[in-house]
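Notes for the one structure printed next.
The values are calculated or read from the model by the stated rules, or taken from the named source; none is laboratory data. What you see is a predicted model; the values in this text were computed from it and never measured. Cβ placement follows ideal geometry from the backbone for every residue including glycine, while neighbour counts extend to all protein chains displayed. Keep in mind that these areas ignore ligands, DNA and RNA; they rest on the heavy atoms of the full protein, side chains included. Shrake-Rupley method; radii C 1.70, N 1.55, O 1.52, S 1.80 Å.
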Amino acid sequence: QVQLVESGGGLVQAGGSLRLSCVASGNIASINAIGWYHQAPGNLREVVATISSGGSTGYVDSVKGRFTISRDNAKNTVYLQMNSLKPEDTAVYYCAGEAFGRYYWGQGTQVTVSS
């Protein structure tokens, strides 16, 4: 089993920054990759950024150059640094870890960007 807890969301003005954290617990060694996803009202949940156990990263085009995913293995934490935020980034942000052939999800954290 894997448990994930997100934090760091909030309200920010356009152009501002936020850093989201995803703390993992449980069978952490079995996690192959962790990703950040977002879901806006009425939209499907979609991937924003991913980081593998080896540190390889990937980003959706809309956040390239603005968001950075990183991990601190000593703290069992994956971060999403979000800069130059836009109103269209407003969504609930979830982290998800892939282990044992399935995805484990956190509860989500709300990010609201005002114009």
task = For the chain, give the percent of accessible area contributed by carbon and sulfur heavy atoms, probe 1.4 Å, rounded to a whole number.
result = 49 percent
ask   = Using unit Cβ charges (K, R positive; D, E negative) and no other charged atoms, how large, in debye to the nearest 20, is the dipole of the chain about its Cα centre?
value = 140 debye
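Between Ala40 and Ala74, what's the calculated FRET efficiency when r is the beta-carbon distance and R0 is 30 Å? Round to 0.05. Write out the running numbers ahead of the final one.
Numbers: r = 33 Å, r/R0 = 1.11.
So the FRET efficiency works out to roughly 0.35.
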task = Compute the accessible area per residue over the chain, keeping the other protein chains in place, probe 1.4 Å, unit Å².
result = 51 Å²
query = What number comes out for the charge environment of Ser115, summing +1 per Lys or Arg and -1 per Asp or Glu over other residues with Cβ under 14 Å away?
reply = -1
query = What are the ³J(HN,Hα) values, in whole Hz, obtained from phi via the Karplus relation 6.51 cos²θ - 1.76 cosθ + 1.60 with θ = phi - 60°, for each residue of region 80-89 in sequence order, with x given for Gly and Pro?
reply = 10, 7, 10, 10, 6, 5, 10, x, 6, 7
ask   = Which semi-axis lengths, in whole Å and largest first, follow from the square roots of five times the eigenvalues of the Cα gyration tensor of region 42-94?
value = 21, 12, 11
Under Karplus coefficients 6.51, -1.76 and 1.60, residue-wise ³J(HN,Hα) of region 23-29 in Hz, glycine/proline x = 9, 9, 9, x, 7, 5, 4
query = With θ set to phi - 60° and the Karplus curve 6.51 cos²θ - 1.76 cosθ + 1.60, what are the ³J(HN,Hα) couplings of region 106-112 in order, to the nearest whole Hz, using x for Gly and Pro?
reply = x, 8, x, 9, 7, 10, 10
request  = Between beta-carbons, use under 14 Å as the cut-off and find the net charge around Ala33, counting Lys and Arg +1, Asp and Glu -1.
outcome  = +1
query = Cα convex hull of the chain: how many Å³ per residue?
reply = 94 Å³
inquiry  = Quick check on packing: order 74-82, 54-62 by the mean number of other C-beta atoms within 10 Å, highest mean leading.
reply    = 74-82, 54-62
